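Visitor: Questions regarding the structure given below will be posed in turn.
The values are calculated or read from the model by the stated rules, or taken from the named source; none is laboratory data. This one's a predicted model, so the numbers in the text were calculated from it and none came from an experiment. So basically every Cβ, Gly included, is an ideal-geometry build from the backbone, and we count neighbours across all protein chains shown.
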């Protein structure tokens, strides 16, 4: 860092990731501006304001020492599980499904916080576990309970996407903690067997439909398959260079549903083409690589597992969303972080980044010594 | 659980972590590469497909029906053209204050309540930008009334389209046929979206049907950009239609209309052929329907009226009507006899009857003609002469000549349904009825009765071939005239003698004196004919044969006339066939109709003046009479006017198969009746099996 030109605290910020995130978010606002038909309302402006507020919050979080995260991990997890239960009960009372808690001044969606919380909780669990216990049964079942409880509650909401992300985040931490590989391979095989059964017996009709139609979108081009078909048309018709800013017809003429939220990538790809899409994917990969690097540089089991786990959480967001819009995965309602309009994912991802930057700050302080 | 020796210390754990973190990173990179690859696949390899899908999402093309090619006569006069059609539509998406707009429209366009009901229904079912028809075929006043008040009528769209128009009306109906909306079956066959475009019509009958490909053209398209909800965003460039190709006919439109009018109240047909080329100058079958009113679907009542009419207005009698040609075959008989070696001077004594076996064959002249040579026999139309001569020669020597002059022949004409009748001989009878040819068969055939059946076109061709001495082929399309016809393989002296005999029929004190032309210096040669459609019993003959006027329409004789002019240098040949005419009214009988039609060819004004004299005696021109008939029919079958006003396509069987079925039925009945009544074995056209 050029310490001579900038004041020390500013120069010491992790500029590489901040600039990447800024670039992604600003590009996202440009896309939202176009999606609104060339207007900052109703999406781009509020999304931008919220982004800068949340980025400030994340930078503030980066000054929180790692040990606070370590101590707070399990209590925070417990609070969120209780909130999830509360949401579930409230939903039962009011009839129908509910995903948020209305605290009067803000509506909180506890399942969203569970995505980073599960990483922290699992990391904390393996941190507490003596190294010699890693390959024992005692290293597996508590983590499985930690993951399974919130995942079950979230899926009951029903929110398949978030439930899957909680499982994936927890499993990544388990994998990084050194749980025997054969368990993952066995787990993968078990999933391969159980998914068809689950699809048939556990999922709701609309979820089952989404999966069946994912396998054959053209079978229902005007129904549930419409989302996938129109998204592929938007991406495919964009070509290499795109139709040009504000020139997308799929989004502007409302053929692409959810063009500003879950399918914002298709909106972007139609106007910016393969080039815009690859740059965006590259930017996300760089952010995730930074997270993995932070994990590699960390000292202590908790910090390492947390950093890599949070980086993976961001990866799951991006990966699942992009596979969904490109027709490689069923429509499960995972937004594209920093680009899709909506506060929840934005908040979660910036929370992850805040914790990552806090770990990074500690790493660098240690390095300077 | 087995104790693992590998992870026991933090250092080992850190090593395991960094290895697994690297694996994780590699997996994530792999997913990233997969996503980029998938995106490249969609946007490069499948780009063209998705581009077109995106375009078909965005752009909604409304087809504009192409303007149909014109049918024009030999002089360029339109026989079928396109009339500007003023219509008013509503674009549902732009409609505001629906009730106010609709009530104002109802008032401006004078729409009946049931039409308003239909518009309301259509609007409820309509999708956004797809126009809903309010009214078509508007007159200029009502169209203008809507146009000037457009600012008060959001969503209302006055447009000009095109509708098929036949200036000749009913006179050309059986020549042109008519156009109509495609049927659901036709759409299912081709899946051509044009077929379901409002306002599109295709040929249903006649030339319109036969020349459909040429006449149709390429549709234009009005392209609009629409949103997923069907909201109209912008109007894009409109692609103009490519009109169908105009087609020139050999018909003379003036003659066609004149002949149609001159046929008067008859159920009949008239054909005129150019003796040099075989071009058909007119081809009339009357009465007929008005093809203009057929274009937008006719009312049930109109349909019933046409079907019930015993003058079969739905049948094209020129190519589909089969008649015993009667005495009109006698000139051809004469030619055959000459070729068979009969001397023209050989005389036969006509006593009025000829006994053959147990039967007695009568001449039309009760007391007989006395002694006659060939010319005299043709001129006086003596039956006994031909009975006797053909009994001597055998009909098998006549039949080949009959075929050579066109009887029983099928001609290459752009019509779907043609019936080509029969020229019988012994081989034919053996093949068809497994029976021996009898003398009586030959005698019946020799006066154009019995098994002999021909359509009016064949009779006109016969006249043209006898007149020209060449095997002329009739043609209707100017581009397909069969020039350079071969000469008939007969001695020119024989042909000349036959022509002279035909001259005698009209000008030499023969049976056709009424056909003598009014044009100085031009003589017509011809032959009259009468075909009995009932058997005259011996009892009736003794008590005096009933006059045709005393008989019901279907029992009256057919009246026929074939001829050509000028007699010494033939230019035009013709045939006139009047069903059940019975020679009851002189003005409406074949010789005078033939005379006037031929007069038209040489002195148009004289022909028109002659028509003006007689037309009022039978109730005025075609349109006037048709309107009067319709009013009478309507009064008799008194449906309330509201039911008539509803013109719907679906209840009206106005499509070609129905018309064909109707004509077929009419034809069959007629052929059967004709033969039965004539007292001979029923003979039908060659292809149809006889019903026992």
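Visitor: Could you give me the residue pairs with C-beta distances under 6 Å whose first residue belongs to the stretch A:291-310 and is more than 10 Å from every other protein chain (Cβ to nearest Cβ) and farther than 13 Å from residue A:123 by Cα, whose second residue is surrounded by fewer than 19 Cβ atoms within 10 Å (Cβ to Cβ) and modelled with pLDDT of 95 or more wherever it lies, and which are 6+ apart or on separate chains?
Guide: none
Visitor: If I ask for residues that are assigned to a loop (DSSP other than H, G, I, E, B) and within 15 Å of residue B:498 (Cα to Cα), which ones from the stretch B:383-407 would you list? Step through it out loud before you land on a result.
Guide: Here is the first cut: in the stretch B:383-407, the residues assigned to a loop (DSSP other than H, G, I, E, B) are B:394, B:398, B:405-407.
Within the stretch B:383-407, B:398, B:405 meet the criteria.
Visitor: In the stretch B:13-55, which residues are more than 24 Å from residue A:327 (Cα to Cα) and either surrounded by fewer than 15 Cβ atoms within 10 Å (Cβ to Cβ) or at the interface with another protein chain (Cβ under 7 Å from one of its Cβ atoms) (or both)?
Guide: Residues satisfying the conditions are B:13, B:15, B:16, B:17, B:18, B:19, B:20, B:21, B:22, B:23.
Visitor: Let me ask something additional. Mind listing whichever residues of the stretch B:73-86 are buried (at least 20 other Cβ atoms within 10 Å of the Cβ) and assigned to a loop (DSSP other than H, G, I, E, B)?
Guide: Residues of the stretch B:73-86 that are buried (at least 20 other Cβ atoms within 10 Å of the Cβ), as a first pass: B:73, B:79-80, B:86.
Hit for the stretch B:73-86 is B:73, nothing else.
Visitor: Does residue A:151 qualify as being buried (at least 19 other Cβ atoms within 10 Å of the Cβ) and modelled with pLDDT under 90? Walk me through it before giving the result.
Guide: On the way: buried (at least 19 other Cβ atoms within 10 Å of the Cβ): yes; modelled with pLDDT under 90: no.
So residue A:151 does not fit the description; no.
Visitor: With the checklist (1) crowded, with 19+ Cβ neighbours inside 10 Å; (2) closer than 30 Å to residue B:215 by Cβ in hand, flag the one item residue B:92 doesn't pass.
Guide: Result: residue B:92 fails condition (2) only.
Visitor: Select, from A:22, A:74, A:59, the only residue that is in a helix (DSSP H, G or I) and within 14 Å of residue A:346 (Cα to Cα). It would help to see each step written out before you state the result.
Guide: Numbers: A:74 fails: within 14 Å of residue A:346 (Cα to Cα); A:59 fails: within 14 Å of residue A:346 (Cα to Cα).
Sole residue among the options that is in a helix (DSSP H, G or I) and within 14 Å of residue A:346 (Cα to Cα): A:22.
Visitor: Among the numbered conditions (1) more than 17 Å from residue B:376 (Cβ to Cβ); (2) more than 35 Å from the chain's Cα centre (by Cα); (3) crowded, with 18+ Cβ neighbours inside 10 Å, tell me where residue B:504 comes up short.
Guide: So the condition that residue B:504 fails would be (1).
Visitor: Here's a follow-up. With a cut-off of at least 3 residues that are outside the structural domain of residue B:214 (by TED's automatic domain parsing) and closer than 23 Å to residue B:593 by Cβ, name the helices (runs of 4 or more DSSP H) lying wholly within the stretch B:429-519. Spell out the reasoning first.
Guide: Numbers: elements: B:439-446, B:456-468, B:492-507.
Answer list for the stretch B:429-519: B:456-468, B:492-507.
Visitor: Kindly check whether there is at least one residue in the stretch B:63-72 that is surrounded by fewer than 17 Cβ atoms within 10 Å (Cβ to Cβ) and either outside any helix (DSSP H, G or I) or within 11 Å of another protein chain (Cβ to nearest Cβ) (or both). Steps first, answer last, please.
Guide: First, pick out the residues of the stretch B:63-72 that are surrounded by fewer than 17 Cβ atoms within 10 Å (Cβ to Cβ): none.
Looking for residues that are surrounded by fewer than 17 Cβ atoms within 10 Å (Cβ to Cβ) and either outside any helix (DSSP H, G or I) or within 11 Å of another protein chain (Cβ to nearest Cβ) (or both), one finds none in the stretch B:63-72, hence no.
Visitor: Of the residues A:128, A:108, which single one is surrounded by fewer than 18 Cβ atoms within 10 Å (Cβ to Cβ), out of contact with any helix residue (DSSP H, G or I) (no Cβ under 6 Å at 6 or more places or on another chain) and modelled with pLDDT of 90 or more? So that I can check it myself, show each step before the final result.
Guide: Values: A:108 fails: modelled with pLDDT of 90 or more.
Every option except A:128 fails the conditions.
Visitor: Can you pull out the residues in the stretch A:290-327 that are outside any helix (DSSP H, G or I) and crowded, with 23+ Cβ neighbours inside 10 Å? Before the answer, list the steps.
Guide: Here is the first cut: in the stretch A:290-327, the ones outside any helix (DSSP H, G or I) are A:298-300, A:326-327.
Hits for the stretch A:290-327 are A:298, A:326.
Visitor: Follow-up. Pick out, from the stretch B:277-382, the strands (runs of 3 or more DSSP E) lying fully within it that include 3 or more residues that are touching a residue at least 12 places away in the same chain (Cβ under 8 Å) and crowded, with 22+ Cβ neighbours inside 10 Å.
Guide: Working: elements: B:280-286, B:348-350, B:353-356, B:359-362, B:370-372.
In the stretch B:277-382, the matching strands (runs of 3 or more DSSP E) lie at B:280-286.
Visitor: Count, please, the residues in the stretch A:1-19 that happen to be crowded, with 17+ Cβ neighbours inside 10 Å and assigned to a helix (DSSP H, G or I).
Guide: Of the residues in the stretch A:1-19, 1 are crowded, with 17+ Cβ neighbours inside 10 Å and assigned to a helix (DSSP H, G or I).
Visitor: Now a separate question. Taking the stretch B:157-210 as the region of interest, how many residues are without any contact (Cβ under 8 Å) to a residue 24 or more places away in the chain and either touching a helix residue (DSSP H, G or I) at 6+ places or on another chain (Cβ under 8 Å) or not assigned by TED's automatic domain parsing to the domain that holds residue B:221 (or both)?
Guide: Quick first cut of the stretch B:157-210, residues without any contact (Cβ under 8 Å) to a residue 24 or more places away in the chain only: B:182, B:184-192, B:195-196, B:202.
Restricting the remaining residues to those that are either touching a helix residue (DSSP H, G or I) at 6+ places or on another chain (Cβ under 8 Å) or not assigned by TED's automatic domain parsing to the domain that holds residue B:221 (or both) gives B:182, B:186-187, B:195-196, B:202.
Qualifying residue count for the region: 6.
Visitor: Another question, then. Could you list, in sequence order, the residues of the stretch B:228-242 that are in a loop (DSSP other than H, G, I, E, B), modelled with pLDDT of 80 or more and either loosely packed, with under 15 Cβ neighbours inside 10 Å or within 14 Å of chain A (Cβ to nearest Cβ) (or both)? Don't jump to the end; show me each part of the working.
Guide: Our first condition is that a residue be in a loop (DSSP other than H, G, I, E, B); within the stretch B:228-242, this holds for B:228-231, B:236-238, B:240-241.
Of the ones still in play, those that are also modelled with pLDDT of 80 or more are B:236-238, B:240-241.
B:236, B:237, B:238, B:240, listed by residue number.
Visitor: Scan A:113, A:175 and give me the residue that is modelled with pLDDT of 90 or more and within 14 Å of chain B (Cβ to nearest Cβ). Steps first, answer last, please.
Guide: Numbers: A:113 fails: within 14 Å of chain B (Cβ to nearest Cβ).
Step by step, each of A:113, A:175 is checked, and only A:175 is modelled with pLDDT of 90 or more and within 14 Å of chain B (Cβ to nearest Cβ).
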